[in-house]
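Presented below is the structure to which this report refers.
The values are calculated or read from the model by the stated rules, or taken from the named source; none is laboratory data. Bear in mind that the values here come from a model prediction, so they are computed numbers and not experimental data. Using ideal geometry, Cβ is built from the backbone for each residue, glycine included, and neighbour counts are taken over all protein chains shown.
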């Protein structure tokens, strides 16, 4: 399975990503990120989603049941840890070019691995995304700085949406539409069974 993420893990997190990606792919999910934290001792957080960006509690449970045995067999972590499978959430990390494209118009924080326009940290609205760069309209600029900056995708070390009212409204609208579609699909299934 090809990893189309722009932002990827290093070290032990990369080893875990290599183990879990094929498992998630076989279930129809894709990896967003792998991250270790010191929460509750050591926590291994694996963030995943369906290709449409959704991830239910049931999806997380299914992924956890499949990933646990794979990690037990490969044993990439040499100490006890807690496994946490989660969805990206509303203020999600942006790891693919398609994530940046879907986030156009929303506020984001971006950190780069190299200096871009004299800095490594940016905050602003995503104005555009091309094959090679994301354009940010900075919300705060110092004197002499241009408000628009093009950040090469390969220079991005970390990127994340900022939780705003507009982002929450969009997520609620999307959720409502998905529920409506699921309800219609169930009705169509019930109608088909009735006709038989």
Of the residues in the stretch 171-196 that are free of Cβ contacts under 8 Å to residues at least 24 places away in the same chain and within 26 Å of residue 100 (Cα to Cα), the one that is surrounded by the most Cβ atoms within 10 Å (Cβ to Cβ) is 174
Can you pull out the residues in the stretch 69-112 that are under 15 Å from residue 170 (Cβ atoms), surrounded by fewer than 16 Cβ atoms within 10 Å (Cβ to Cβ) and under 16 Å from the mean Cα position of the chain (by Cα)?
89, 90, 101, 104
Conditions first: (1) touching a residue at least 60 places away in the same chain (Cβ under 8 Å); (2) touching a strand residue (DSSP E or B) at 6+ places or on another chain (Cβ under 6 Å). Residue 13 passes all but one, so which condition is the exception?
(1)
Quick check on the stretch 139-147. Is at least one of its residues surrounded by 15 or more Cβ atoms within 10 Å (Cβ to Cβ), in contact with a strand residue (DSSP E or B) (Cβ under 6 Å, 6 or more places away or on another chain) and touching a residue at least 12 places away in the same chain (Cβ under 8 Å)?
no
Please find, among 158, 177, 154, the residue that is closer than 25 Å to residue 3 by Cα and in a helix (DSSP H, G or I).
154
With 66, 133 as the choices, which residue is surrounded by 14 or more Cβ atoms within 10 Å (Cβ to Cβ) and in the same structural domain as residue 37 (by TED's automatic domain parsing)?
66
Checking the structure you have, find out if any residue of the stretch 10-30 is in contact with a helix residue (DSSP H, G or I) (Cβ under 6 Å, 6 or more places away or on another chain) and modelled with pLDDT under 95.
no
